[in-house]
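*Asks:* I am attaching a structure below and will ask some questions about it afterwards.
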Amino acid sequence: MKTTIIFATGNAGKMREIRMIMEGMNVEILSMKEAGIEIEICEDGTTFEENAGIKAAAVAAAAAERGMKAIVLADDSGLEVDYLNKEPGIYSARYMGEDTSYRIKNANIISRLEGVPMEQRTARFVCAIAAVFPDGESVVKRATMEGRIGYEEEGSNGFGYDPIFILPKYGCSTAALPPDVKNEESHRGKALRAMKAVIEEKITV
Ligand code: IMP
């Protein structure tokens, strides 16, 4: 029997990414909406792991209420800039206000790093993926992608803080990389692949 995975997101880009990564597995992957779950979740944790766990637990409870037997996955991610004491961190989406454009958020981060040399511009994207299995077990995987904050925006792929996030290995921003290359290197790609291994193990035993 096919296993159902519900990914607790409304983001089409994240759905595409998880479908690509889970390809080849005998699973059906549904977004929250496709699973008929529309709930407000208060992400009031203090770490990426906690917030991913809060989302996964809330959606797992909603799925159980609807009599669904599914693995629920949820992610929480963000950018940590070392020079800014790891800001914006878990507040990455809310930094300067949820509705503020990334052009403005990115310009603000660049201006807060004015005069700071490249070796002190270290930063990372962090992603935590939480899973709640139908037997109640929960697992969290965390992964990062290390880089530097650039001096200006570059590239038009990706989203969010990608135009200012330089990946030293490629010498360009993650917004200047083709999406499959970014997925290979990204915090979310790595965390999802680690979770894939856990799920594969779980559904074959
Ligand atoms: P989440 O969807 O609640 O996990 O919020 C994550 C936020 O972190 C996004 O809105 C972006 O601001 C930022 N972020 C996370 N991953 C990436 C990435 O791969 N590129 C650019 N920004 C990212």
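*Asks:* Test of the criteria: in the stretch 134-198, which chymotrypsin sites (Phe, Trp or Tyr not before Pro) are in a DSSP loop and have at most 14 other Cβ atoms within 10 angstrom of their Cβ?
*Replies:* Values: sites: Tyr151, Phe159, Tyr161, Phe165, Tyr170; in loops: Tyr151, Phe159, Tyr161, Tyr170.
In loop regions of the stretch 134-198 (DSSP not H, G, I, E or B), the sparsely surrounded chymotrypsin sites (Phe, Trp or Tyr not before Pro) are Tyr151, Phe159, Tyr170.
*Asks:* Any idea what the relative contact order of the stretch 1-96 is, in percent, if you count C-alpha pairs under 8 Å spaced at least 6 apart? Could the numbers behind the result be given before it?
*Replies:* Details: 122 pairs, mean separation 27.5, N = 96.
In percent, rounded to a whole number, it is 29.
*Asks:* Given 0.36 nm per residue, what is the gain on full extension from Asn26 to Glu137 after removing their alpha carbon distance, in nm?
*Replies:* So the chain would gain 37.9 nm between Asn26 and Glu137.
*Asks:* What longest region of the chain stays clear of trypsin sites (Lys or Arg not before Pro) that DSSP places outside H, G, I, E and B and that have at most 16 other Cβ atoms within 10 Å? Before the final figure, lay out the partial values.
*Replies:* Working: sites that count: Lys2, Lys33, Arg66, Lys69, Lys86, Arg94, Lys169.
Longest stretch, sites excluded: 95-168.
*Asks:* Give the relative contact order (percent, whole number) for the stretch 133-205; include only Cα pairs under 8 Å separated by 6+ residues.
*Replies:* Numbers: 85 pairs, mean separation 21.4, N = 73.
About 29 percent, as a whole number.
*Asks:* Now for a different question. With just the Cα atoms defining each centre, how far is the stretch 25-60 from the stretch 94-138? Give it in Å.
*Replies:* When both Cα centres are located, 19 Å separates them.
*Asks:* Which whole-number percent gives the relative contact order of the stretch 51-116, counting Cα pairs below 8 Å spaced six or more residues apart? Could you put the intermediate results ahead of the total?
*Replies:* On the way: 44 pairs, mean separation 13.3, N = 66.
Relative CO of the stretch 51-116 lands at 20 percent.
*Asks:* Distance in nm between label sites at Val116 and Arg66, each 7 Å beyond Cα in the beta-carbon direction?
*Replies:* 4.2
*Asks:* With charges set only on the Cβ (+1 for Lys and Arg, -1 for Asp and Glu), what does the dipole of the stretch 72-205 come to about its Cα centre, in debye to the nearest 20?
*Replies:* Charge dipole, the stretch 72-205, about its Cα centre: 120 debye, nearest 20.
*Asks:* Something else: Simple spin-label model, 7 Å along Cα-to-Cβ: Arg193 to Arg94 in nm?
*Replies:* Distance between the two pseudo-spin positions: 3.2 nm.
*Asks:* Would you work out which of Gly115, Pro134, Leu167 lies farthest towards the positive end of the dipole of the stretch 105-171? Charges go on Cβ: Lys and Arg +1, Asp and Glu -1.
*Replies:* Gly115
*Asks:* Only Lys, Arg, Asp and Glu count, each charged at its Cβ (+1, +1, -1, -1), so figure out the dipole size of the stretch 92-150 about its Cα centre, rounded to 20 debye.
*Replies:* Values: 9 positive and 7 negative charges, 51 e Å.
So the dipole magnitude of the stretch 92-150 works out to roughly 240 debye.
*Asks:* Using a 7 Å offset from the Cα along the Cα-to-Cβ direction at both Asn11 and Asn85, what is the distance between the two label points in nm, to one decimal?
*Replies:* Going from the Asn11 label point to the Asn85 one covers 2.6 nm.
*Asks:* A further question follows. If you build a Gaussian network model of the chain, linking Cα atoms that sit under 10 Å apart, which residue out of Ala12, Ala93, Ala74 swings the most?
*Replies:* Ala12
*Asks:* About the Cα centre of the stretch 1-144, what is the dipole size in debye to 20, counting +1 per Lys and Arg Cβ and -1 per Asp and Glu Cβ, all else neutral?
*Replies:* Values: 17 positive and 22 negative charges, 77 e Å.
Around 380 debye, computed over the stretch 1-144.
*Asks:* When the Karplus curve 6.51 cos²θ - 1.76 cosθ + 1.60 is applied with θ = phi - 60°, which whole-Hz ³J(HN,Hα) does each residue of the stretch 60-66 get, with x for Gly and Pro?
*Replies:* 5, 5, 5, 5, 5, 4, 8
*Asks:* Report the residue, chosen from Met22, Met118, Met145, that carries the largest GNM mean-square fluctuation when the chain is represented by alpha-carbon nodes joined by springs under 10 Å.
*Replies:* Taking springs between Cα atoms under 10 Å, the residue moving most is Met118.
Read-outs: derived from the displayed coordinates by stated rules, not from any lab. Because the structure is a prediction, the values reported are computed rather than measured. Every residue, glycine among them, receives a Cβ derived from its backbone with ideal geometry; neighbour counts consider all protein chains shown.
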